Amino acid sequence: VDRTSNGKGRVDSLTLAELRALDFGAWKAPQFAGERIPTLDETLDTIVGTRPDMSFCLEVKEDSEETARRSLAVLQERKLLGQCTMISFHANILRLLKTLDPRVRAQGFPEGVARNFEPGPDGTDSLLSRVGIPFKRLTEELVAYYNARDIEVDTWVIDTVETLDKALAMDLFS
């Protein structure tokens, strides 16, 4: 929480009450001061309450089977799995999620971005519905490679007109 709050330590070493006491907004800008961390259920309530049909992503940040299982269970209980793409930098977490429920739309981060990913038809690519590649590493060849395998390509950071034009030219958003 050091980077995004006024607290110290790892999220997984703090209780929910301790996390709720921290300010997660002031680091970004003064107008966000006092922002508290929401639970997954509160976040999903906001998404569903705003746009019930909205698609969204849920990232399992840590290499934690317990977190993956609990996150999947919440989506299943709330019947939101069809609207969600589950993301992880850990291939074993995506494998677990797909084993627990083959309907999981999985996004991983191969191409030197993540740990434990193996490109190619016999590797982790077979798990993926989407792949995330930093824009600086993205090429037309990579987009074509994944599109040929019916894997959507997601990228970041597109924050200028120039990068948007390049992304559009690569047919990322079709």
Probe 1.4 Å, accessible area per residue of region 7-104, Å²:
61
Sites Glu140 and Glu59, calculated FRET efficiency, Cβ-Cβ separation with R0 30 Å, nearest 0.05
0.65
Set the Förster distance to 30 Å, then compute FRET efficiency between Lys8 and Asp150 from the Cβ-Cβ distance, nearest 0.05.
0.10
Simple SL model, points at 7 angstrom along Cα→Cβ for Gln31 and Glu77; separation in nm is 3.6
So how far apart, in nm, are the two label points at Arg69 and Ile47 if each is 7 Å from Cα heading toward Cβ?
2.2
Neighbours of Gln76 by Cβ distance under 15 Å: Lys/Arg at +1, Asp/Glu at -1, summed charge +4
Which of Thr155, Leu44, Ile133 sits closest to the plus end of the dipole of the chain, meaning its Cα is farthest towards the positive end, when Lys and Arg get +1 and Asp and Glu get -1 on the C-beta?
Leu44
Proximal lysine pairs in the chain, meaning Cα under 28 Å and 8 or more positions apart or interchain, come to 9
Amide H neighbours of Gly132 under 5 Å, counting only residues 5+ apart in sequence or on other chains, H built in-plane at 1.01 Å?
Gly108, Phe109, Asp154
Magnitude of the Cβ-charge dipole (Lys and Arg +1, Asp and Glu -1) of region 4-61 about the Cα centre, nearest 20 debye, reported as 240
If Met86, Met54, Met170 are ordered by their accessible area, calculated over protein heavy atoms with a 1.4 Å probe, which sequence runs from highest to lowest?
Met54, Met170, Met86
Accessible-area composition of the chain, carbon plus sulfur, in percent [1.4 Å probe]:
52
Obtain the nm distance between the two label points defined at Lys166 and Arg20 by a simple spin-label model: each point lies 7 Å from its Cα along the Cα-to-C-beta direction.
4.5
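The values are calculated or read from the model by the stated rules, or taken from the named source; none is laboratory data. Quantities reported herein were computed from a predicted structural model and do not represent experimental measurements. All Cβ positions, glycine included, derive from the backbone under ideal geometry; neighbour counts span all protein chains shown. These accessible areas exclude ligands, DNA and RNA; they are computed on the full protein's heavy atoms, side chains included. Shrake-Rupley method; radii C 1.70, N 1.55, O 1.52, S 1.80 Å.
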